[in-house]
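Each remark here refers to the structure printed beneath this line.
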Amino acid sequence: MEIKRLEGLGEKELERWEGRTKALCRCPDCATYNECIAQSKDLLFCYLGKSRNCEIVARTCDCPVCAVTEELGLKYSFYCRLGSEKLMH
Ligand code: SF4
Ligand code: SF4
């Protein structure tokens, strides 16, 4: 599925997709995912956008090896700092 196809989903479907996809998000295992982000429990930055409350120092990014990158055909990384894939198009 490409990210644009998500726009065709209804509200409930999108909620389900978000829940399922957050479970696949590899951010918590990434060196850039600091304590502040962990406390805010933010995930899925590639879709939901960058971290709003935390200062982030870029270390590594696991997005390229995340299943969601393949599912959505993502092209970038470091979404926690840079914002969602949609913004970068
Ligand atoms: S691509 Fe990155 S931000 Fe998106 S779900 Fe995977 S690890 Fe999380
Ligand atoms: S978006 Fe990339 S850099 Fe940021 S926490 Fe997730 S895997 Fe790490």
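Every read-out reported here was derived from the displayed coordinates using simple, explicitly stated rules and does not represent laboratory data. Since we're looking at a predicted model, the values are computed, not measured. When we count neighbours, we look across all protein chains shown, and the Cβ atoms used for this are built from the backbone with ideal geometry, even at glycine.
Taking the range 11-46 on its own, how many of its residues are assigned to a helix (DSSP H, G or I) and either farther than 15 Å from CYS61 by Cα or of a type in the set (A, V, I, L, M) (or both)?
Narrowing the range 11-46 to residues assigned to a helix (DSSP H, G or I): 11-22, 27-29, 35-40, 45-46.
Still in the list and also either farther than 15 Å from CYS61 by Cα or of a type in the set (A, V, I, L, M) (or both): 11-22, 35-40.
Residues flagged as assigned to a helix (DSSP H, G or I) and either farther than 15 Å from CYS61 by Cα or of a type in the set (A, V, I, L, M) (or both) within the range 11-46 amount to 18.
Just one of the numbered conditions (1) outside any loop (DSSP other than H, G, I, E, B); (2) more than 7 Å from ligand 2 (Cβ to nearest atom) is not true of ARG81; which one?
(2)
Quick check on LEU87: is it surrounded by 12 or more Cβ atoms within 10 Å (Cβ to Cβ) and either more than 10 Å from ligand 1 (Cβ to nearest atom) or over 19 Å from LEU9 (Cα atoms) (or both)?
For LEU87, the condition - surrounded by 12 or more Cβ atoms within 10 Å (Cβ to Cβ) and either more than 10 Å from ligand 1 (Cβ to nearest atom) or over 19 Å from LEU9 (Cα atoms) (or both) - is not met.
So for the range 55-66 (the condition being among the hydroxyl-bearing types (Ser, Thr, Tyr) and touching a helix residue (DSSP H, G or I) at 6+ places or on another chain (Cβ under 7 Å)), does at least one residue qualify?
Within the range 55-66, not a single residue is among the hydroxyl-bearing types (Ser, Thr, Tyr) and touching a helix residue (DSSP H, G or I) at 6+ places or on another chain (Cβ under 7 Å).
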